[in-house]
Amino acid sequence: MIPIFDGHNDTLTKLYSLENGLDLFFKGSQKCDIDLPGSQKGNLLYGNFSIFVPPKMTSKERDPMYGMEFTHKGYRKRLANAIDPNYARKYTNSLIKFLNLLKVRAKGTIYTIRKYQDLIKGLKNQNLGVILHFEGAEVIKKDISNLEWYYQKNLRSLGLVWSRPNNFGTGVPFEFPNTPNIGPGLTDEGKNLIKECNSLGIMIDLAHINEKGFWDAENKSEHPLVVSHTGVHSICPSTRNLTDDQIDAIGDTNGIIGVMFEPSNIRPDGKLNKNTSIKTIVDHIDYIIQRIGIDHIGLGSDFDGAIMIDSLNHVSKLPILIKFLKKEGLTKNSIEKIAFRNWIRVLKETWYH
């Protein structure tokens, strides 16, 4: 089977929130989209495993539907409030310890990817490689003094924002239909954060960022542009998706776009309909291929971070997508680029060593 690299999932965060999360991961469970038996069946070899800091338990925003309004055209949700950086650090540090427990329990079947050579070894040992990713930079101090500390803790991929403001930039509110051109660009601290990530070799993820912030990052970063989980705005005009100009810029920097599996950000009507065909995902993949080429497209499921379409609601079902791409007439070489090779190339160009 063809190996698969998942550009974004929230499985670590989901497991951490569940009672007996470690047991569920190793035994398999319908409570999580990714577990170890399913990963082995689905041939998932790598993933950007996200730490997402949720609002505090006392916050109304803990309910993901809080502030959501459905309209006759689609939906809109107010931009989430910023969260306390001290709380974010405490939560993140606890989750890093949880990941270490997960690896100890795995007895070698799970390992942390720190450098490009780990990616190459992963193709041979067939174990599950975890890249530590932060979805939102709230945990990073405004003066960036703790960024290298987290790098030493194996941080290798950093999302500048989630769909809320922080010290470095502003995310987009969840809206359909609307443009991602909402809100201000990166702060001076955000531009400096990009510079320091470039220097250390931390991949910068531009998922959830607003359009002005995107262009600030494009202007500042020396690395390939990456958006780990998104869709095409011309197909599904949600604020989370990329305009044609953004897609072109990612291609121009030799970057990558991970296409997500969440229906309201891939369906042309923006509906949260789980009974959505895999063909809809393939339409986004094909659009990007036709616009900027096969070398700039990958997968970014958003497993355990959003509602998935029924036909791809578990990691064990990933081979179904691979079979669908074959039926669409893509060659084995092209499918391998989509499935894992493009992600490996971008990380090689980003990490330096």
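The values are calculated or read from the model by the stated rules, or taken from the named source; none is laboratory data. Note that this is a predicted model, so its numbers are computed, not measured. For neighbour counting, all protein chains shown are included, and Cβ atoms are generated from backbone atoms with ideal geometry for every residue, glycine included.
Within region 163-172, does at least one residue satisfy the condition of being under 22 Å from residue 132 (Cβ atoms) and hydrophobic (A, V, I, L, M, F, W, C)?
Going residue by residue through region 163-172, those that are under 22 Å from residue 132 (Cβ atoms) are 163-164, 166-169, 171.
Still in the running and hydrophobic (A, V, I, L, M, F, W, C): 168.
Yes, region 163-172 contains a residue that is under 22 Å from residue 132 (Cβ atoms) and hydrophobic (A, V, I, L, M, F, W, C).
Do any residues in region 255-284 that are on the phi < 0 side of the Ramachandran plot and among the basic types (Lys, Arg) have Cβ atoms under 7 Å from those of residues that are in a loop (DSSP other than H, G, I, E, B) and at pLDDT 95 or above, where the two are at least six apart or on different chains, and which pairs are they?
Within 7 Å, the pairs are 267/236; 267/273; 267/276; 274/307; 274/309.
Are any residues in region 293-302 in a helix (DSSP H, G or I) and surrounded by fewer than 20 Cβ atoms within 10 Å (Cβ to Cβ), and if so, which ones? Please lay out each step first, then the result.
From region 293-302, those in a helix (DSSP H, G or I) are 294-296; that's our starting set.
Selection gives 294, 295.
Residues are listed down the side, and each one gets a yes or a no for (1) modelled with pLDDT under 95; (2) within 30 Å of residue 236 (Cβ to Cβ); (3) in contact with a Gly (Cβ under 9 Å, 6 or more places away or on another chain); (4) of a type outside the set (Val, Ile, Thr):
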site	(1), (2), (3), (4)
13	no, yes, yes, no
18	no, no, no, yes
43	no, yes, no, yes
55	no, yes, no, yes
60	no, yes, yes, yes
85	no, no, no, yes
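Taking the condition of being over 17 Å from the mean Cα position of the chain (by Cα), of a type in the set (Val, Ile, Thr) and over 19 Å from residue 4 (Cβ atoms), how many residues in region 281-324 meet it?
1
Would you call residue 235 among the β-branched types (Val, Ile, Thr) and either in contact with a Leu (Cβ under 7 Å, 6 or more places away or on another chain) or outside any loop (DSSP other than H, G, I, E, B) (or both)?
Answer is no for this residue.
Of all residues in region 3-24, which are among the hydrophobic types (A, V, I, L, M, F, W, C) and within 17 Å of residue 131 (Cβ to Cβ)?
Step one: filter region 3-24 for residues among the hydrophobic types (A, V, I, L, M, F, W, C), giving 4-5, 12, 15, 18, 22, 24.
Once the filter is applied, which keeps residues that are among the hydrophobic types (A, V, I, L, M, F, W, C) and within 17 Å of residue 131 (Cβ to Cβ), region 3-24 yields 4, 5, 12, 15.
Just the residues that are free of Cβ contacts under 8 Å to residues at least 60 places away in the same chain, in a helix (DSSP H, G or I), surrounded by 19 or more Cβ atoms within 10 Å (Cβ to Cβ) and of a type in the set (A, V, I, L, M), please, taken from region 303-347.
Hits for region 303-347 are 312, 321, 325, 338.
Matching residues to (1) small (Gly, Ala, Ser); (2) within 23 Å of residue 339 (Cα to Cα); (3) touching a helix residue (DSSP H, G or I) at 6+ places or on another chain (Cβ under 9 Å):
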{"residue": "171", "(1), (2), (3)": "yes, no, yes"}
{"residue": "188", "(1), (2), (3)": "no, no, no"}
{"residue": "191", "(1), (2), (3)": "no, no, yes"}
{"residue": "215", "(1), (2), (3)": "no, no, yes"}
{"residue": "235", "(1), (2), (3)": "no, yes, yes"}
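Is it fair to say residue 339 is touching a strand residue (DSSP E or B) at 6+ places or on another chain (Cβ under 8 Å) and among the aliphatic types (A, V, I, L, M)?
yes
Kindly list the number of the only condition in (1) within 29 Å of residue 85 (Cα to Cα); (2) in contact (Cβ under 8 Å) with a residue 40 or more places away in the chain; (3) not β-branched (Val, Ile, Thr) that fails for residue 26.
Only one criterion in (1) within 29 Å of residue 85 (Cα to Cα); (2) in contact (Cβ under 8 Å) with a residue 40 or more places away in the chain; (3) not β-branched (Val, Ile, Thr) is unmet by residue 26, namely (1).
Yes or no: region 253-272 includes at least one residue that is charged (D, E, K, R) and not in a loop (DSSP other than H, G, I, E, B).
No, every residue in region 253-272 fails to be charged (D, E, K, R) and not in a loop (DSSP other than H, G, I, E, B).
List the strands (runs of 3 or more DSSP E) that sit entirely inside region 1-109 and contain at least 1 residues that are loosely packed, with under 14 Cβ neighbours inside 10 Å, more than 21 Å from the chain's Cα centre (by Cα) and not acidic (Asp, Glu).
Because the criterion is at least 1 residues that are loosely packed, with under 14 Cβ neighbours inside 10 Å, more than 21 Å from the chain's Cα centre (by Cα) and not acidic (Asp, Glu), the strands (runs of 3 or more DSSP E) in region 1-109 that meet it are 68-70.
Among the numbered criteria (1) farther than 23 Å from residue 147 by Cβ; (2) touching a residue at least 60 places away in the same chain (Cβ under 8 Å), which one does residue 231 miss?
Status for residue 231: all satisfied but (2).
With respect to residue 159, is the statement that it is closer than 15 Å to residue 86 by Cα and crowded, with 22+ Cβ neighbours inside 10 Å true? Before the answer, list the steps.
Working: closer than 15 Å to residue 86 by Cα: no; crowded, with 22+ Cβ neighbours inside 10 Å: yes.
So residue 159 fails the test.
Give region 136-155 a look and list any residue that's charged (D, E, K, R) and surrounded by fewer than 24 Cβ atoms within 10 Å (Cβ to Cβ), or say none.
Those that are charged (D, E, K, R) and surrounded by fewer than 24 Cβ atoms within 10 Å (Cβ to Cβ): 141, 142, 143, 148, 153.
Any residue at all in region 166-175 that is of a type outside the set (Lys, Arg), buried (at least 17 other Cβ atoms within 10 Å of the Cβ), in contact (Cβ under 8 Å) with a residue 60 or more places away in the chain and over 30 Å from residue 73 (Cβ atoms)?
Yes, region 166-175 contains at least one residue that is of a type outside the set (Lys, Arg), buried (at least 17 other Cβ atoms within 10 Å of the Cβ), in contact (Cβ under 8 Å) with a residue 60 or more places away in the chain and over 30 Å from residue 73 (Cβ atoms).
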